[in-house]
Structure formats: C-alpha cells, structure tokens
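To start, the structure under review is shown below, and the notes come after it.
The values are calculated or read from the model by the stated rules, or taken from the named source; none is laboratory data. The shown structure was predicted, so the numbers you read here are calculated from the model rather than taken from an experiment. So basically every Cβ, Gly included, is an ideal-geometry build from the backbone, and we count neighbours across all protein chains shown. Accessible surface areas use protein heavy atoms only, side chains included; no ligands, DNA or RNA. Shrake-Rupley method; radii C 1.70, N 1.55, O 1.52, S 1.80 Å.
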Amino acid sequence: MAPEDFKKRIRADWRDSLNAVLARARSLGERAVLAFDLDSTLLDNRHRQARILREYGQAHAVAALAACGPDHWTSGWDMRDAMRACGLGDVQVEDHFPVARKFWAERFFTSEYCEIDEAIEGAAAFTHAVVATGAHLVYVTGRHEGMRAGSTACLRRHGMVTPDEKQVLLVMKPTLSDDDDAFKREAHARLGRLGTVVAAFDNEPTHANDYQRRFPEALVIHLATDHSGRPVTLLDGIISVPHFTLVS
C-alpha cells in the first residue's frame, strides 16, 4: 500500500470514532447524513476477483490460476500480484495479463459477479445502527447503474439495510465509462442537500481526502482494507479502521 501502510494508522481507540459517529447521528436524527462506499468499504470483492481469475484459468487451461482464491489477492487490485501469488512466474504473468485483464473487465463490472461479494466484518450491524439513529444512509459507489440489481441483492444477502430511496439511498454512476473521482465529487453536492454530513466512509485515499475537503466538519473514516494503489497520502484528521465491529 504505497506510499504509506494504512494499517499502521489504526489507533487503539478506533472503535471510539465509530461510536462517536453514531452518537452524532443520534443527536441530529433525520437531519444527519452518512455516506458509505461499497467496494472494499462495506463489501469485500476479493471473492469476485478470485472467481474471475479462476474462470480465466479454467478457460485457458492454466491450472495455477484455476485454483485462485480470495487469499491470493493480498496487495490491492493488481492482477499481476494475484497471478504471482497463485504460482505463475514473471514471464507467464506478462504473457497472460493482457488477455486476462480483458476477460476480467468483461465480468467484474456486472450485477451477476458483484452479487457474490462478501461483507466486511461488522458492516451489516453497523448499517442497521446508523438507520436506527434516524439518519440518512447513502451508499455512494463508483459502481454503475448496470450493477444496481446485483449490488442490492448482495446487500440484502448479507443483512445490510437496502435502499428504499427515502432514508436509504444508493447513488451510482450513470455509466461504466464515467470517471469515479469526478462522479463522487458531484455526489457530494447531493449529500449536502440531504442534510448535515456527519461521516463518510471510503477505502480510497483520494475519495477520503475529497470528503475531508468538502465536509471539514464531518468525521471521515478510511477503511484500511485495500485500494487501487494510487500513491496518495491521507489528510490529517482522517481515521483509519480495519472493519466495523464495535465490540473487541
């Protein structure tokens, strides 16, 4: 995780920050707004990643890749690293990567595949705790509208609160080709119109920093899971947490 190891930023009292978010939301009730990313924030997409690489291995008779599992995705979204973790040498990785990347892109951004994501520890209970305060919960994701059905089904399967377009919203990019960073910045205006943004949760340092700049009074929580690998340092004041479980 360049340029810094975000897990080292996790303080011993990180749960106090999550509880403080809930307390602030309770004090504001329906005026409060909390924003959550999906991938690598509430949902772990390594199972989706592994399934696609496994299917590529099966389709191209690469036994090492056909045995790919989520634990092979240990250093973010770099497929080359996952291939190496599966046992391929550097030459094999470079030979397969261009075709495997295309294979991946045709599947990763679909409802069918995103439905198999797993939940980050404690995520379901935390979303219910947020809604119980009376606050608005807004899923703000770089996923596009074509993934809405699978995303909602995945949230439901893991017992998280699902969008009702009243208290709970799912805000998605209109199309796959829309830029993630620009879309999320545009979504900030919508969040501000809903009420007072109490907290925002995201695994991408770039997006966490954007929240911090746009909503300086909010508590921005960074999920120290994985991210795209861009060399971005978190701004001061952003809290890193490993998951959402409030009881140690």
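Key figures for this structure:
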item: Residue check, residue 134 in contact (Cβ under 8 Å) with a residue 60 or more places away in the chain, over 18 Å from residue 227 (Cα atoms) and touching a Lys or Arg at 6+ places or on another chain (Cβ under 8 Å); result: yes
item: Filtered residue count, segment 200-248, keeping only those that are in a loop (DSSP other than H, G, I, E, B) and not aliphatic (A, V, I, L, M); result: 20
item: Selection within segment 114-151 - under 22 Å from residue 245 (Cα atoms), open to solvent by 10 Å² or more (accessible area, probe 1.4 Å) and not hydrophobic (A, V, I, L, M, F, W, C); result: 118, 121, 122, 128, 133, 134, 136
item: Total residues in segment 75-87, condition open to solvent by 20 Å² or more (accessible area, probe 1.4 Å) and part of a loop (DSSP other than H, G, I, E, B); result: 4
item: Test: residue in segment 23-36 that is in contact with a helix residue (DSSP H, G or I) (Cβ under 8 Å, 6 or more places away or on another chain), open to solvent by 10 Å² or more (accessible area, probe 1.4 Å) and either among the charged types (D, E, K, R) or without any contact (Cβ under 8 Å) to a residue 40 or more places away in the chain (or both); result: no
item: Total residues in segment 152-175, condition open to solvent by 30 Å² or more (accessible area, probe 1.4 Å) and under 25 Å from residue 196 (Cβ atoms); result: 6
item: Failed condition for residue 173, given (1) in contact with a Phe, Trp or Tyr (Cβ under 6 Å, 6 or more places away or on another chain); (2) over 25 Å from residue 44 (Cβ atoms); (3) of a type in the set (Lys, Arg); result: (2)
item: Matching residues, segment 213-244, being without any contact (Cβ under 8 Å) to a residue 60 or more places away in the chain, under 26 Å from residue 78 (Cβ atoms) and in contact with a Gly (Cβ under 8 Å, 6 or more places away or on another chain); result: 220
item: Matching residues, segment 88-109, being surrounded by 15 or more Cβ atoms within 10 Å (Cβ to Cβ) and within 30 Å of residue 157 (Cα to Cα); result: 100, 103, 104, 107, 108, 109
item: Residue among 181, 236, 202 that is open to solvent by 20 Å² or more (accessible area, probe 1.4 Å), within 15 Å of the chain's Cα centre (by Cα) and among the acidic types (Asp, Glu); result: 181
item: Test: residue in segment 134-148 that is basic (Lys, Arg), out of contact with any helix residue (DSSP H, G or I) (no Cβ under 9 Å at 6 or more places or on another chain) and under 23 Å from residue 113 (Cα atoms); result: no
item: Of residues in segment 38-52 being outside any helix (DSSP H, G or I) and open to solvent by less than 10 Å² (accessible area, probe 1.4 Å), the one farthest from residue 187 (Cα to Cα); result: 45
item: Check on residue 200, within 22 Å of residue 127 (Cβ to Cβ) and without any contact (Cβ under 8 Å) to a residue 40 or more places away in the chain; result: no
